[in-house]
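Student: Please read through the structure below; I'll follow up with questions.
What follows draws every value from the coordinates through simple rules; no lab data is involved. Source: prediction; values computed, not measured. Because the Cβ atoms are built from the backbone with ideal geometry, glycine has one as well, and the counts that use them run over all protein chains shown.
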């Protein structure tokens, strides 16, 4: 009886798992759910799996490779590595490097490691792993996904196990290629048009004229003296200055629900979508808090820039609230997803007025009505393209600094 149990533990069929992948598994869009379900199917089939690992290359400004790790009893988790990982100690000498160089499966007995074995292998052994294989899953673009399997079975993998996991890798390849393509599409949309806008595009809002009316707090900001900066600085310094400004504003607005909708040269158009009265109040408060945060963080950066003999980064912000059309405009085959409407134009005109009035942040009467902070009217002001003069407001706390604006709050 013990011998039969041992044979049974070694004998399992991969075909039921393959059949499930081809019929149902490939339809699971979420990779974590797919991997959890795949692992459950493998265990039910009797496969000697303790840990699974998947990794594939990314098209992302910060992430070089996406990864997923499943451990029995813990479930699947997402991981990633940044650009430049190829020169890190974690990669050099690793099974992943060896597989990428040879494009062939690699195997390590974790209970027989030499003293110079890679740190990752030693860690797996310390966690209880006995045998480890890493298999390539080839994609149609010639790139590869890494498929790793670790067992904690005392005798390790049998030769039949290796053949079955190679069969499984071949079936998993097209499934994970679809996952990669979805991730790339979402990443590119999030990067170039923003998360909310990207989701709308992925859900089919792709025809010219597609759109909706939304209520939103609106932000328009612009760098001061940008033309002079481009004349005085080398091109790489200009880009570095722009990116520093954009990065600080993004760090202030994104955690508060704002979305950078467009970069217009050195200007930024940002929306804080809202619908109900309470949501509009919250969106306006979030926009104000984000602006004050961005001013403060750039003021700190400017102290360092002055010390380094670099020009300061100064900017102004116009804030408004209202209904806008949120949708596609442009040529039939070249579109831009943006917001349009009188409220957008007035937001940009408010920012223009920050230069003339010497106040770094101005808001409309409609926006000021949603705030609990002390504000003061600066009277009615002419705005280019707006039929009638509009009442303009500023924060009381900023008026004390008007006409003597500190560095970073231009």
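Student: So, how do all the Cα-to-Cα distances of the range 263-346 break down into 10 Å bins, in percent, from 0 on up?
Tutor: Histogramming the range 263-346 at 10 Å steps yields 14, 35, 29, 18, 5, 0 percent.
Student: Could you work out the relative contact order of the chain, using alpha carbon pairs under 8 angstrom and six or more residues apart, expressed as a whole percent? Don't skip to the end; give the middle numbers.
Tutor: Working: 683 pairs, mean separation 48.8, N = 410.
With pairs under 8 Å counted, the relative contact order is 12 percent.
Student: Ok, one more. Using alpha carbons only, how many degrees (0 to 90, rounded to 10) separate the axis of helix 277-307 from the longest principal axis of the chain?
Tutor: With both axes taken from Cα atoms, the answer is about 90 degrees.
Student: Right, next: Given the DSSP H assignment, sum -39500 (n - 2.57) over each helix run of at least 4 residues in the chain and divide by its residue total; what's the result at 222 nm in deg cm²/dmol, nearest 500? Display every interim value, and only then the final one.
Tutor: Details: 13 runs with 174 residues, N = 410.
Result for the chain, helices only: -13500 deg cm²/dmol.
Student: Next question. Tilt of helix 342-357 relative to the longest C-alpha principal axis of the chain, in degrees (0 to 90, nearest 10)?
Tutor: Once rounded, one gets 60 degrees.
Student: Taking 0.36 nm per intervening residue step and subtracting the Cα-Cα distance, what contour gain separates residue 355 from residue 104 on full extension?
Tutor: Working it through step by step, the gained length comes to 84.1 nm.
Student: Relative contact order for the range 82-129 using alpha-carbon pairs under 8 Å, separation at least 6, rounded to a whole percent?
Tutor: Taking the mean separation of contacting Cα pairs over the length of the range 82-129, I get 31 percent.
Student: Shifting gears a bit: If neighbour count is taken as other Cβ atoms inside 10 Å, put 83, 215 in order from fewest to most.
Tutor: Fewest to most other Cβ atoms nearby, the residues stand as 83, 215.
Student: Once both axes come from the Cα atoms, what is the angle between helix 235-253 and the longest principal axis of the chain, in degrees from 0 to 90, rounded to 10?
Tutor: For 235-253 against the chain, the angle is about 90 degrees.
Student: Quick check: residue separation of residue 296 and residue 13 times 0.36 nm, minus the Cα distance between them. What number comes out in nm?
Tutor: Full extension from residue 296 to residue 13 adds 95.6 nm.
Student: I would also like to ask the following. Which of rounded, prolate, oblate describes the range 2-193, given a ≥ b ≥ c as roots of the alpha-carbon gyration tensor eigenvalues and a/c under 1.5 marking rounded, otherwise prolate only if a/b is larger than b/c? All intermediate terms of the calculation are to be shown ahead of the outcome.
Tutor: Working: a/c = 2.01, a/b = 1.26, b/c = 1.59.
Oblate, since a/c reaches 1.5 and b/c is not below a/b.
Student: How do 116, 250, 19 rank when sorted from fewest to most other Cβ atoms within 10 Å of their own Cβ?
Tutor: 116, 19, 250
Student: Further question: If I model a spin label at residue 397 and residue 256 as a point 7 Å from the Cα along the Cα→Cβ vector, what separation in nanometres do I get?
Tutor: Here the answer is 1.0 nm between the modelled labels.
Student: In addition: With label points built 7 Å along Cα→Cβ from the Cα atoms of residue 234 and residue 181, find their separation and express it in nm.
Tutor: Output for this residue pair reads 4.3 nm.
Student: In whole angstrom, how far apart do the alpha carbon centroids of the range 254-280 and the range 139-154 sit?
Tutor: Cα centroid to Cα centroid, the span is 41 Å.
Student: In which sequence would 133, 214 go, from the one with the fewest C-beta neighbours within 10 Å to the one with the most?
Tutor: Ascending Cβ contact count within 10 Å gives the list 214, 133.
Student: Sorting check: for 344-353, 45-54, which peptide has the highest mean count of neighbouring beta carbons within 10 Å, and how do the rest follow?
Tutor: Details: 344-353: 21.9, 45-54: 19.9.
Going from most to least packed, we get 344-353, 45-54.
Student: For the range 65-94, list residues with backbone N below 19 Å from a point placed 7 Å from the Cα of residue 113 toward its Cβ?
Tutor: 69-72, 88-94
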